[in-house]
Every structure is written in C-alpha cells, then in structure tokens.
Amino acid sequence: MVGRVLSLFDMDRFLRNAGAERVGEDASIKLCQLLEDSAEEVIAKAKVLARHAGRNNVIREDIVLAANLLYAL
C-alpha cells in the first residue's frame with residue numbers, strides 16, 4: 001500500500017450520511033483502512049483479469065467482474 005489515499009474527512013462524511021450522528025476519529029481511520037484494503041484486492045484481481053484477456057489496460061468491466069468475484073455471496 002502506498003499510503004492513505006482517502007481522506008478522514010470523507011470517511012466521516014460517509015459515516016454521517018449513513019446515519020451516524022457522531023463519529024470518532026478511530027472509526028474514520030478504520031473505515032479508511034477497510035476501503036483501501038478492499039480496493040487493493042479488487043485492483044489486484046482486475047489486473048489478473050486484464051492480463052488474462054491479453055490487455056495491459058484495466059477496464060471498467062475488469063473492475064466490475066473482480067468485485068463480483070470477490071464479494072459474491
């Protein structure tokens with residue numbers, strides 16, 4: 001991981017938009033970590049899918065398919 005990409009302000013806003021009246025900084029930090037870790041997993045899988053298709057570019061469909069594969073119930 002390169003470092004934090006998402007801002008804690010945005011995490012606070014996500015939590016408040018989801019109905020939280022008060023948000024601790026530790027909650028914003030944890031949400032940020034979870035989202036960035038999830039994104040890294042999707043990106044890694046999307047890169048494999050693009051390579052398998054003979055492409056160097058990751059396209060929207062790679063991201064959608066990777067997310068569906070990782071989070072299918």
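All of the numbers you see were taken from the coordinates with simple rules; none came from a lab. What you see is a predicted model, and the numbers here were worked out from it, not measured in a lab. Here Cβ is always computed from backbone atoms with ideal geometry, including for glycine, and neighbour counts include all displayed protein chains.
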Once both label points are put 7 Å beyond Cα along the C-beta direction, the Ala18-Arg55 separation in nm becomes 3.0
Which whole-number percent is the relative contact order of region 8-71 (Cα, under 8 Å, 6+ apart)? 25
Choice from Ala46, Ala18, Ala27 showing the highest fluctuation, given a GNM over the chain with Cα pairs closer than 10 Å: Ala18
